[in-house]
Amino acid sequence: MVGQVMAPALVQPEHVVDVTESGSQPISLNCAKLGKRFGHTDVLTNVTLSAAKGRALALMGENGAGKSTLLGIFAGLLTPSSGGVFVHGEAVENFTPTEAQRRGVQIVTQELSLVPALTVWENIHLGRELCLGGWEHGVLDRRHMRKRTAELLDSFGLNISPDTRIDDLSLSHAQVVEILKVYNRKPAILLLDEPTSALTEGETRSLFKLIHQMKSAGTSIVFTTHKMNEIGQIGDDVVVLRDGRITLNGQVDKTPTDEIVSAMVGRELSTIDLQLHQPNYDARIVFESRNLITTKDKVEGVSLTCRAGEILGLAGIAGAGRTAFMECVFGIGGHFGGDVVINGRTYSGRRPGRSIAAGVAYVPQDRKSAGLVLAQDVVTNTSLTQLNAFCTPLGIVRRGVERERSEKSLTALRTRYHDLGQEVGELSGGNQQKVLLSRWLISDQPEVLLLNEPTRGIDVGAKVDIYRIIATLAERGVAVIVSSSELPELMLLCHAVAVFRNGVPQRIFSRGEFSEEDIIRVAIGEGAAADASEA
Amino acid sequence: MTNLDIQPNAGSATLAPRRLGIGRLLPDRRRLAGMILWIAFAFYVIPLSIAEPNFISLSNILSILLLTSVYALIAFGESLVILTAGIDLSVGSIVGLSGVVAALLIDGHSSAGWVLLSVFAGIAAGAAVGLFNGVLVAYVNLPSFVTTLGTLSMALGVAYVISSGRQISIDNNTFLNISGGRIFEIPTPIVIIFCAFAVLWGYLTYSRWGRFVYAVGGNLRAAYVAGLPVRKILLSVYVISGALAGLAGVILSSEVTVGVASNGSGYELVAIAAPVIGGISLAGGRGSLFGTLFGVVLLGTIDNGMTILNVSPFYQHIIRGAIIVVAVSIDILVNKRRLV
């Protein structure tokens, strides 16, 4: 099942340019002295690396280290500022996405490139439609394309119809469709940018199986990830980037994990040391939901409480109802049943403006589409929700105070930016997330803080900063509810974890009972642990 | 106020260095597009001024501004709508409607009170159409293009109905003085557009409302999740756009001494073109009212220049359209905005 053991490919940066000397496996893709500047920022500097045929190269690095940029250049989506890219040893000038695809390079980016209004089979064959009689301007061969799609879905173990519209798929299923679409094109070089960040555990296993198959078939794979265990499972070579420079280039089986981690962060980081305070179980109940029900049965009667100073985690596989629950509480979407009680006061007619006034804060999971105004600057984005606190009675913004307070709350989260007037779209993912979180530190602290995947796609350093601020806020009496698909994160951060399945919390684990295995069992509905249900 | 002192890890930098040095002085891409337009503008104005010294005389400059004052007012309102990623096609019809309303009211009266009333009625007629647009866009979730395409026709129809398709001539001197009068030697309409500009620009730039307009246009969903009163903001820009078009209609009817339904037909072209030339993105959330002012002046100057040069009005249409396309192309090419 695992691809056969290969002779080590040569990875010394000085020699990789010379294709003829590259060990036993031919080099599929390499770059030499690659540099990329965005405005005044060097995103990549002097990057030289190579990917061998039939091997998987793991690109590691904190957010903003330049991984996505590098993949973007390989795929022809971005033009390098200096240096060159070679595909199968041939130098590529004027690399465009079309040219890259012609040479067999395919990419799966973090932003999916599916057409929402089309079906799964239409998307999988988009631009590569099969036609009756092979005449490419003729009639589409729908039957064949459906059949091929069904085979692909089946081989991945994904139980959806080829006729489902992308609109109706969950994020993780859409991600799988995107991967299958690219897989179906039989690329010689496959670039995957955080392929597993949206996937469930089962889907991740299927993906790894697929990757092993592709490696055996001679495909060369370059992928980025934040998850250390993935490197060991599918990676053959590993390259670590830090601030756009290569800090480590080696083979996975010869490189200890500690070395990779320290190459990423540039400092020793064995375990995250988070001092979590003891919650006061006699503290007042700040948040309570009573039999909350959403439309489309995504949430079917959720009753949860959270006390002042408590950090409550929500676990569950994708689609278990965690996001629907949070959005329902905050008041995004259609009609709801049940009640939300904040500080003993029931409030109906929920919508974001009223929720914020009632002391509820929400950090959405999708920071780019639901969180930030990307074209606007850092200050504007930081102060957006609490702008009233900086306004004169006539509605004029007091900019001095606004800047000062924004800067203070951004600094508390150790956000990196060039200046406050910089467009927030230019920041890395981790720093964008910090901007989003800093909104709720800028003025009066909220009563209830809802965090939906607060560290998705973020490097270790930024994660620690965010954990610290969450713990600090809880210590000051904020009731915090964190939804996350990463269990270790919840187990580190939370006083209790409610495990969702089918739109209902099946069981609440207190910190003393935390066990990754038990929680996963409840989440996937397996075994006796799933039976005990608490309200 | 919350205290945010949280102990960071010792010894790590919190902030990247700020941009310093001579790089700051050079124009970045975003400003370059504007500069190219200014330079092109200069290449048009300077030779023309040498060939035709009258072109840069104070009286001609004032007449350019006077001619563009009606356009400027509707373009300001249109800019607000475009900043929220919408479009208002009804402004031209509103100009006609408000002119007719004002002319009907002033007909047969001579007192200053009736002048005031008719001016306000003209503005109110525009605001009412804007309110209708805004309610449909913000509360019924109708696309602005469809909504205002409908009101373009409806407002024009209402104007024809209440005027019975007639031209209503205006002979009230106080009313005619709105366009003909001067305040401190400056024609009144010019004073009005600069006042309107100052108030709108200031409020857009320095107020909470202005921030919200940009946020709603930049990312509607994020604005909603951030708790902004999205619907009210959307409603407000359509009402303001309608009211400004109403005011423009009053000024225009005073200028041409007649209220007629077709007075503003086709004005939406300039109203949309000016902000777009001035760098306001049709996708919303980007641009400044200064750009709109520049766009209006640019279009007005070119119109005026072509008239001085005796270019046939038929060709003027072609040239005006070409300028719009070229100006926006420069912006897109310089900013390297891609289709995908």
Which residues, counting only those in region B:267-297, are hydrophobic (A, V, I, L, M, F, W, C) and part of a loop (DSSP other than H, G, I, E, B)?
B:280, B:282, B:283
Per the filter on region B:211-229, residues open to solvent by 10 Å² or more (accessible area, probe 1.4 Å) and more than 9 Å from chain A (Cβ to nearest Cβ) are B:220
Scanning region B:155-201 residue by residue, the ones that are assigned to a helix (DSSP H, G or I), within 24 Å of the chain's Cα centre (by Cα) and surrounded by fewer than 16 Cβ atoms within 10 Å (Cβ to Cβ) total 8
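Inside region A:365-374, can you point out the residues that are among the polar types (S, T, N, Q) and facing chain B (nearest Cβ under 7 Å)? If you could, list the steps in order and put the result at the bottom.
We begin by selecting, within region A:365-374, every residue among the polar types (S, T, N, Q); these are A:365, A:369.
Result: A:369, single match.
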Tell me which of these residue B:59 doesn't satisfy, since it passes every other one: (1) surrounded by 24 or more Cβ atoms within 10 Å (Cβ to Cβ); (2) under 30 Å from residue B:323 (Cβ atoms).
(1)
Across region A:80-116, what is the number of residues that are part of a loop (DSSP other than H, G, I, E, B) and either open to solvent by less than 20 Å² (accessible area, probe 1.4 Å) or farther than 18 Å from residue A:193 by Cβ (or both)?
10
Report whether or not residue A:434 is modelled with pLDDT of 85 or more, buried (at least 23 other Cβ atoms within 10 Å of the Cβ) and outside any strand (DSSP E or B).
yes
State yes or no: is residue B:318 at pLDDT 85 or above, over 16 Å from the mean Cα position of the chain (by Cα) and open to solvent by 30 Å² or more (accessible area, probe 1.4 Å)?
yes
Is there a residue being β-branched (Val, Ile, Thr) and within 25 Å of residue B:49 (Cα to Cα) anywhere in region B:244-263?
no
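Give region A:375-418 a look and list any residue that's of a type in the set (A, V, I, L, M), more than 7 Å from chain B (Cβ to nearest Cβ) and under 25 Å from the mean Cα position of the chain (by Cα), or say none. Give the steps one after another, and end with the answer.
Initially, region A:375-418 is screened for residues of a type in the set (A, V, I, L, M), giving A:375, A:378-379, A:384, A:387, A:389, A:394, A:396-397, A:401, A:410, A:412-413.
The next check asks that each one be more than 7 Å from chain B (Cβ to nearest Cβ); those that pass are A:378-379, A:389, A:394, A:401, A:410, A:413.
Within region A:375-418, A:378, A:379, A:410, A:413 qualify.
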Only strands (runs of 3 or more DSSP E) wholly contained in region A:442-531 count here; list those with 2 or more residues that are open to solvent by 10 Å² or more (accessible area, probe 1.4 Å) and out of contact with any Gly (no Cβ under 9 Å at 6 or more places or on another chain).
A:504-510
Is there any pair linking a residue in region B:242-271 that is open to solvent by 30 Å² or more (accessible area, probe 1.4 Å) to one that is outside any helix (DSSP H, G or I), with Cβ under 7 Å and at least six apart or on different chains, and which?
B:257/B:169; B:257/B:170; B:268/B:89
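The values are calculated or read from the model by the stated rules, or taken from the named source; none is laboratory data. These numbers come from a predicted model, not from an experiment. Please note: Cβ atoms are built from the backbone with ideal geometry, for glycine as well, and neighbour counts cover all protein chains shown. What goes into the accessible areas is simple: the full protein's heavy atoms, side chains included, and nothing from ligands, DNA or RNA. Shrake-Rupley method; radii C 1.70, N 1.55, O 1.52, S 1.80 Å.
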